[in-house]
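Worksheet: one structure, shown below.
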Amino acid sequence: MVNITAENKTPAVATPGPRQLQLGGHVGFDTLPDQLVNKSVQNGFGFNILCIGETALGKSTLMDTLFNTSFGATPSTHNLPNVKLKAQTYELQESSVRLKLTICDTIGYGDQVNKADSYKALVEYVDCQFEAYLQEELKIQRSMASAHDSRVHACLYFICPTGHGLKAMDLACMKQLDTRVNIIPVIAKADTISKSELAGFKERIMDELRRNKVSIYQFPTDDETVADTNKSMNGELPFAVVGSTEFVKVAGKLVRARQYPWGSVHIENETHCDFVKLREMLIRTNMEDLRELTHTRHYELFRQRRLQQMGFVDVDSNNQPVSFQQTFESKRTGHLASLQAKEEEVRQMFVQRVKQKENELKDSEKELHSKFEKLKREHLEEKTKLEEARRLLEEECQELQRRKQQLSNGNGNGNHMLTLGRGKKK
Ligand SMILES: Nc1nc2c(ncn2[C@@H]2O[C@H](COP(=O)(O)OP(=O)(O)OP(=O)(O)O)[C@@H](O)[C@H]2O)c(=O)[nH]1
Ligand SMILES: [Mg+2]
């Protein structure tokens, strides 16, 4: 038995008890929204606006007013044969939030005599941005986060302040665009319409849009925090806006305004115009909804259309799901079959051409042969004729010889015999 003395004992290690944690807050995933916010703020945001409106309707001034800056736009020419678009991207920052803003402006919209095709350049531009996004999505190595997303999130349609209603060009253009972009109609230069006329003008515009089944962007009412405001704002559309680059002092504060000899229009005064409503709805409340709707509705529609054009389907004729692999295989088979058919067609054409050439050659050979036969015949006839002539000549020669002989014989015998006429002649 071994006695373990106190000296031999290994010193006792103090085993730590359960670690006591001091809770600093909630434990769990309720910080997820904060993480998302931080990430989004880090990445920055992108927002793209398409401004459609006739020349000098105040598009650039309104953009400057909306973002309280000066984008430095210059007046456009108004004698272009076609509508053109000009997009420009700006980096804006408000506190720690960065915004990459793209403003696409129309140049020469409504300046042509024939305005029937005015919408074409716009539709083409919108589709082009969707196509660029789709192509990026379809790449093997995608860079969706870093690639510039230029899809149009909001389309501000500037209506001429005629006080009457919409023009045919407005309706035709909005009809073409309403399945592609979020249209927000605004009455431009609203300070040129009287208060009493404005309500009727707005009503007529909305009525014309409804009758022509043009769907414009509706502020969402599913989020209860903004549902009431958005609902009431939907009833105020189209917003009657005024823009300005001038400032006046009101109660010691500089405010944007348009000054006239009889008074001034304060842009941010809600009794003067709907500018603040537009800014609230477009930038403060619904910017994210506009971005989301562009992706989930408009881009989705474009994507569906394009993939169907490329031959992709979700279900076959028997309503059975079709995988990407199956579609690819069937496309490949179809492509090969069409290639084979084309090859066969080319082969048949070649055989036909060879046969045709052969027949042509045979015909010309026959023709040559008959020509040769004819020449041969003619030659033979000629030869016979010549031989006959030769024979006759020879006979004549012989006859001549014979007579000569006779003559010489007659002279030797002393006989003078005269022969009249020629001898036997054939
Ligand atoms: N009355 C009135 N005039 C305005 C308003 N907004 C702009 N203007 C004036 O209209 C003129 C044209 O304004 P812009 O902002 O250059 O118009 P635009 O549509 O960008 O013009 P283009 O780019 O050349 O087609 C300028 O003289 C502005 O001062 C407005 O709300 N009311
Ligand atoms: Mg402009």
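The values are calculated or read from the model by the stated rules, or taken from the named source; none is laboratory data. Source: prediction; values computed, not measured. A quick note on method: Cβ atoms are made from the backbone with ideal geometry, for glycine too, and the neighbour counts reach across all protein chains shown. These accessible areas exclude ligands, DNA and RNA; they are computed on the full protein's heavy atoms, side chains included. Shrake-Rupley method; radii C 1.70, N 1.55, O 1.52, S 1.80 Å.
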(request) Find the all-direction average of the projected area of the Cα convex hull for the stretch 115-219, expressing the result in square nanometres with one decimal place. (result) 8.3
(request) Two decimals is fine: what is log10 I(q)/I(0) at q = 0.06, 0.09, 0.11 Å⁻¹ for the chain, from a Debye sum with one equal scatterer on every Cα and no solvent? (result) -0.50, -0.79, -0.99
(request) Give the span of the stretch 245-382's Cα atoms along each principal axis, as three whole-Å numbers ordered largest to smallest. (result) 130, 54, 19
(request) Can you bin the stretch 153-298 into rounded, prolate or oblate? Criterion: square roots of the alpha carbon gyration tensor eigenvalues sorted a ≥ b ≥ c, rounded for a/c under 1.5, prolate for a/b above b/c, oblate for the rest. (result) oblate
(request) Report the net charge of residues surrounding Ser338, where surrounding means a beta-carbon distance below 14 angstrom and charges are Lys +1, Arg +1, Asp -1, Glu -1. (result) 0
(message) Once you order the gyration tensor axes a ≥ b ≥ c over the Cα atoms, which shape class does the stretch 303-396 get: rounded for a/c under 1.5, otherwise prolate or oblate by comparing a/b with b/c?
(response) prolate
(message) Quick check: Cα centre of the stretch 260-288 to Cα centre of the stretch 303-329, how many Å?
(response) 48
(message) Straight-line reach only, C-alpha to C-alpha below 27 angstrom: list the lysines that Lys374 could link to, leaving out same-chain residues fewer than 8 apart.
(response) Lys357, Lys362, Lys366, Lys383, Lys385
(request) For Lys331, go through the lysines and keep the ones whose alpha-carbon is under 27 Å away, minus same-chain ones fewer than eight residues off. (result) Lys139, Lys342
(request) Give the span of the stretch 235-296's Cα atoms along each principal axis, as three whole-Å numbers ordered largest to smallest. (result) 49, 23, 17
(request) Please name which of His335, Leu282, Thr221 has its Cα lying farthest along the dipole of the stretch 188-341 towards the positive end, using unit charges on Cβ (Lys, Arg +1; Asp, Glu -1) and the Cα centre as origin. (result) His335
(request) Take each complete run of DSSP H in the chain, measure how far its Cα atoms stretch along the helix's own axis, and keep only those covering 20 Å or more with mean Kyte-Doolittle hydropathy at least -0.5; list them. (result) 118-138
(message) Suppose we keep just the DSSP beta bridges with both residues in the chain; what percent of those would be antiparallel, to 5?
(response) 55
(request) Run the accessible area of the stretch 46-86 with a 1.4 Å probe and give the carbon-and-sulfur part as a rounded percent. (result) 50
(request) Using the Karplus curve 6.51 cos²θ - 1.76 cosθ + 1.60 with θ = phi - 60°, work out ³J(HN,Hα) for each residue of the stretch 80-91 in order, rounded to whole Hz, and write x for Gly and Pro. (result) 7, x, 9, 6, 10, 10, 10, 10, 9, 10, 10, 9
(message) If DNA, RNA and ligands are ignored and the probe is 1.4 Å, what is the ranking of Thr327, Thr89 by accessible area, most exposed first?
(response) Thr89, Thr327
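With +1 on the Cβ of every Lys and Arg and -1 on the Cβ of every Asp and Glu, and nothing else charged, how large is the dipole of the stretch 300-405 about its Cα centre, in debye rounded to the nearest 20? Don't jump to the answer; show the numbers that get you there.
Details: 23 positive and 22 negative charges, 44 e Å.
Approximately 220 debye in magnitude.
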(request) Find how many whole Å separate the alpha carbon centroid of the stretch 192-232 from the alpha carbon centroid of the stretch 128-182. (result) 20
(request) May I have the extent of the alpha carbons of the stretch 160-202 along their three principal axes, as whole Å values ordered from largest to smallest? (result) 34, 19, 15
(message) Just the number please: accessible area per residue for the chain, 1.4 Å probe, all protein chains included, in Å².
(response) 71
(request) For the stretch 338-393 and the stretch 51-101, compute the distance between their C-alpha centroids and round to whole Å. (result) 80
(request) Could you state how much accessible area Phe247 has, in square angstrom rounded to the nearest 10, with a 1.4 Å probe and all protein chains kept in place? (result) 100
(request) Determine one quarter of the surface area of the Cα convex hull of the stretch 51-101, which equals its mean projected area, and express it in nm² to one decimal. (result) 3.9
(request) For the stretch 195-249, divide the Cα radius of gyration by the Kirkwood radius and give the resulting Rg/Rh value with two decimals. (result) 1.09
(request) Could you check how much of the accessible area of the stretch 158-214 is carbon and sulfur, as a whole percent, using a 1.4 Å probe? (result) 52
(message) Quick check: at a probe of 1.4 Å, how many percent of the accessible area of the stretch 267-395 sits on carbon and sulfur atoms?
(response) 54
(message) At a 10 angstrom cut-off on C-beta neighbours, averaged per residue, how do the peptides 375-382, 154-161 rank from highest to lowest?
(response) 154-161, 375-382
(request) Report the normalised scattering of the stretch 75-125 as log10 I(q)/I(0) at q = 0.19, 0.24, 0.30 Å⁻¹, calculated by the Debye formula with identical scatterers on the alpha carbons. (result) -0.67, -0.86, -1.13
(message) Give the lysines whose C-alpha is closer than 24 Å to that of Lys86, dropping any in the same chain fewer than 8 places away, or say none.
(response) Lys59, Lys100, Lys115, Lys120, Lys167, Lys175, Lys189
(request) Quick one: which residues, 5+ away or cross-chain, put their amide H under 5 Å from the amide H of Leu99? H built at 1.01 Å from N. (result) Phe45, Leu92, Gln93, Glu94
(message) Can you give me the long-range amide H partners of Asn48? Hydrogens built in the peptide plane at 1.01 Å from N, cutoff under 5 Å, separation of 5 or more residues or another chain.
(response) Thr102, His153, Ala154
(request) Give the residues of the stretch 318-335 whose amide nitrogen is closer than 20 Å to a point set 7 Å from the Cα of Glu343 in the direction of its Cβ. (result) 329-335
